[in-house]
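One structure below.
Rule-based calculations on the coordinates, nothing more; no lab input. This is a predicted model, so every value here is computed, not measured. Cβ coordinates were reconstructed from backbone atoms using ideal geometry, including for glycine residues, and neighbour counts include every protein chain displayed.
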Amino acid sequence: MAGLVPLSSVDWPGKLVATVFVQGCPWRCTYCHNTGLLDCRAPGTRMFDDVLQLLERRRGLLDGVIFSGGEATRHPALPAAIAAVRAAGFDVGLHTGGGFPKRLAEIAPQLSWVGFDVKGQPADYPSVVGVPEIMGQRAWLALEALLDARRTPTVEARMTVYPGSHTRATILECARRALDLGVDAFALQEARTADGSRPYRPENADPDWDFDELAADVQALADTRIIIRAAKD
Ligand code: SF4
């Protein structure tokens with residue numbers, strides 16, 4: 001593990017959880033807040049036993065554990081870690097971009113909630129996360145498989161945008177596609193700077209870019225299943 005936050009009220013909406021950060025991510029989002037977690041070869045800094053000990057101390061205070069990253073599903077020990085948390089009597093949630101579909105399908109029945117990062121349509125993956133289009137196709141297939149799982153977790157698809165990241169049409173297509181697949185919610189998120197203090201704006205960003213306008217268009221698709229997270233909130 002690369003880190004452990006003992007109490008979070010934001011990583012799993014509506015739940016009080018401990019958040020485990022797993023080292024390593026195969027993708028390279030330009031707005032990434034966790035660049036220290038990206039190197040897949042870097043050793044972890046915490047032992048998983050720390051999580052189990054924390055859960056014992058916080059029994060009755062915590063609802064569960066979120067595995068985050070990096071990309072938690074790249075780690076071969078994730079299924080065993082999830083099983084250990086569940087055996088201790090806690091719910092398990094996951095943040096993922098769907099980069100490792102087989103492992104995601106394996107753990108899906110053990111998950112209660114998933115925040116699934118949609119990075120765009122498959123053709124956007126090379127520019128948005130620096131991986132070939134086929135990885136985007138695999139990510140969408142992973143989302144489909146998750147929603148078809150024998151015991152389906154609650155799934156929030158989330159898409160992070162900033163000026164120039166995607167066209168308006170692409171954002172609406174992605175929202176529609178995720179909603180049509182059956183996600184419980186689609187969250188449109190405005191990227192923030194790494195310190196979280198303000199909206200992320202790449203060099204040469206379109207000064208007329210208007211997140212609120214975009215959010216209104218997305219909201220109109222399916223009012224009750226849309227979540228808007230503006231960077232200024
Ligand atoms: S998927 Fe997450 S951890 Fe990986 S590069 Fe993108 S923002 Fe960073």
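Pairwise alpha-carbon distances in the chain exceed 32 Å for 16% of all pairs.
What you get for the range 172-233, charging only the Cβ of Lys and Arg (+1) and of Asp and Glu (-1), is a dipole of about 260 debye around the Cα centre. Only one residue of Gln53, Ala205, Gly69 has its Cα farthest out toward the positive end of the dipole of the range 3-229, where Lys and Arg carry +1 and Asp and Glu -1 on Cβ, and that residue is Gln53.
In units of the rule-of-thumb radius 2.2 N^0.38 Å, the range 175-233 shows an alpha carbon radius of gyration of 1.25. Determine which aspartates and glutamates satisfy two conditions relative to Lys15: a Cα distance under 13 Å, and not lying fewer than 8 residues away in the same chain. Here the aspartates and glutamates satisfying the reach criterion relative to Lys15 are Asp63, Asp91. In a DSSP loop and with at most 15 other Cβ atoms within 10 Å, the trypsin sites (Lys or Arg not before Pro) in the range 162-233 are Lys232.
Straight-line cross-link reach from Lys232 at under 20 Å between alpha-carbon atoms covers these aspartates and glutamates, not counting any fewer than eight positions away in the same chain: Asp11, Glu190, Asp195, Glu203, Asp206, Asp208, Asp210, Asp212, Glu213, Asp217. Volume of the convex hull of the range 1-41 (Cα atoms only), normalised per residue: 76 Å³.
Would you list the P(r) distribution for the range 13-95, with all Cα-Cα distances sorted into 10 Å bins from 0 and each bin expressed as a whole %? All Cα pairs considered, the percentages come to 17, 49, 29, 5. Take every pair of alpha-carbon atoms less than 8 Å apart whose residues are at least six positions apart; their mean separation over the length of the chain yields a relative contact order of 15 percent.
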